[in-house]
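Step one of this worksheet: look at the structure below.
Where a number appears in this text, it was derived from the coordinates with a stated rule and is not lab data. As the structure is a computational prediction, the values presented were derived from the model and not from experiment. When we count neighbours, we look across all protein chains shown, and the Cβ atoms used for this are built from the backbone with ideal geometry, even at glycine.
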Amino acid sequence: MDKFIINGGNTLKGTIKIGGSKNAALALMPATLLASGKYQFDNIPDLRDISTMSKLLEMMGVDTEKHNQILSINTFRVNKFEAPYEQVKKMRASIYVLGPLVARYGYAKVSLPGGCAWGPRPVNLHIEGVRKLGAKIEIDQGYIVAKAKKLKGARITFDVSSVGATGNVMMAAVLAKGTSVIENAAIEPEIIALAEFLVKMGAQINGIGTTRLEIEGVDALHPVNEAMIPDRIEAGTFLVAAALTGGKIKIENCNPSHITSLLTKLEEAGSKLQIGTDWIKIQSPKIPKPVDVTTAVYPGFPTDMQAQWLSLMSVAKGSSVIIDTIYFDRFKHVPELIRLGANIELNRNTAMVKGVKQLKAAKVMSTDLRASASLVLAGLVAKGKTEVLRVYHLDRGYERLEKKLQSLGAKIRRVSGKEY
Ligand code: UD1
């Protein structure tokens, strides 16, 4: 298992390009199961989650080929409608194949994902949504087995706003007979990207970008090409990295309108921002001001940025409170940040942070994707040599993170598992 070694203390300076959105790609790739033929996706990042999804589709008979940022997919020979446990346990987003498979082929067998590193993550809304559309669903030996001759339009009201369940049910409803209404639908940019992709394929969806989607089922869809939207969490992570190090950077190929809540918080923390249509310049003070954050569904502050914000607040001049309302247990980074000298008190889903003058290097352990990002960021300002172990978590969702940080002046290097 690779690790990162970081010598803290360098101010980030320079320009980097943001890659395509992991979470949009993970939704659009399974959507190709909805119509046979050839697709081409541009701006696909080089990430482990993307190859995991490609592998899963290949197991179903799909051909995939990736050249740089272009991913070609051919769904002509789909002949297996199963997502085995071995794949799903690597990546929960594998459950996205459920809706498309049952809608197009009338059968899907998808392993239940189980919990994740920081706690339970149910998929009841995915199952109930597809069931409402007329699929017969049984849970058999840890698998969701869904059958339907033809799905039928229905009204689905989600108890909580869920990105994944909205995507899955929307993909199922586009080929159902009649009208479906999804109430309390997620409005995250990745869901809008999926809806727009489906419309390009011939789907009829009204209310895109609102919490009420009205979908008129069609008989068939057709393959199209698409470019991924920029990854808003990668963009946010680099902005927070700049804020932590008192840096001055420009991020390009991003969509500032997707991260307005984060930009507001960065300004409150003392950073100066210049915002273009697809770029952001940030100039940050040496010490950030304390700023409270409560995560919320889009356009609120993203839970995927909570861990990084906690690192920033660890060195702020004063105290702040960070609350995660989406994932109550998503705080596995806290004990590791404390090992780096942070002063954080955790009470259920509320972290009370007292900023310290200086974090100090230590060996820390990655536990999940965003927690790992927060440790790398903390390492950038910790005094001495920080080692972040198990960086494979980071490779799931950050493209060449160490290379991009190096280009901004950070002293970070990867040590391959074979070397130590
Ligand atoms: C997606 C993102 C993830 C992000 C999360 C919240 C992908 C691949 N992942 O995950 O990075 O952190 O959105 O923005 O896009 N819930 C249920 N039942 C369900 C499904 C969800 O109770 O069937 C709850 C969850 O426990 C959570 C909330 O709904 O409290 C939101 O989760 P959801 O939006 O579904 O997250 P994901 O789609 O899994």
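List, in the order given, every pair from K38/K403; K286/K418; K17/K66 whose Cα-Cα distance in the structure shown is over 26 Å.
Beyond 26 Å between Cα atoms: K38/K403; K286/K418.
Would you work out which of V123, Y105, M201 lies farthest towards the positive end of the dipole of segment 22-227, given +1 charges on the beta-carbon of Lys and Arg and -1 on that of Asp and Glu, about the Cα centre?
Result: Y105.
For the chain, what is the calculated [θ] at 222 nm in deg cm²/dmol (nearest 500), taking -39500 (n - 2.57) for each run of four or more DSSP H residues and dividing by its residue count? Walk me through the numbers on the way to the answer.
Values: 14 runs with 130 residues, N = 420.
Helix contribution divided over all residues of the chain: -9000 deg cm²/dmol.
Can you give the three extents of the C-alpha atoms in segment 22-227 along their principal axes, from longest to shortest, in whole Å?
41, 37, 32 Å, listed from the longest principal axis down.
Kindly put S261, S180 in sequence by how many other C-beta atoms sit within 10 Å of each C-beta, fewest to most.
S261, S180
Could you tell me which of the pairs K22/K357; K89/K200; K265/K411 are separated by over 29 angstrom between their Cα atoms in the structure shown?
K22/K357; K89/K200
Picking from S311, I344, G384, whose Cα lies most toward the positive end of the charge dipole for the chain (charges on Cβ: Lys, Arg +1; Asp, Glu -1)?
Toward the positive end, the furthest listed residue is G384.
Using a simple spin-label model with points 7 Å from Cα along the Cα→Cβ vector, what separation in nm is obtained for K136 and D46?
Placing both labels 7 Å beyond Cα along the Cβ direction yields 4.8 nm.
Take the Cα atoms of segment 344-408, find their three principal axes, and give me the spread along each one in whole Å, biggest first.
34, 26, 20
Net charge near A361: determine it from the other residues with C-beta under 13 Å of the C-beta of A361, scoring Lys and Arg +1 and Asp and Glu -1.
Values: positive: R339, K360, K363, K383, K385, K411; negative: E336, E387.
Local charge sum for A361: +4.
What is the distance in Å between the Cα centroid of segment 305-324 and that of segment 55-107?
38
Go through 360-368, 214-222 and give me the packing order, highest mean Cβ count within 10 Å leading.
Most protected by this proxy first, the peptides run 360-368, 214-222.
Checking a compactness column here: for the chain, what do you get for Rg(Cα) / (2.2 N^0.38 Å), N being the number of residues?
0.98
Considering only DSSP beta bridges whose two residues both sit in the chain, what percent are antiparallel, to the nearest 5?
On the way: 58 of 78 bridges.
Among the beta bridges of the chain, antiparallel pairing accounts for roughly 75 percent.
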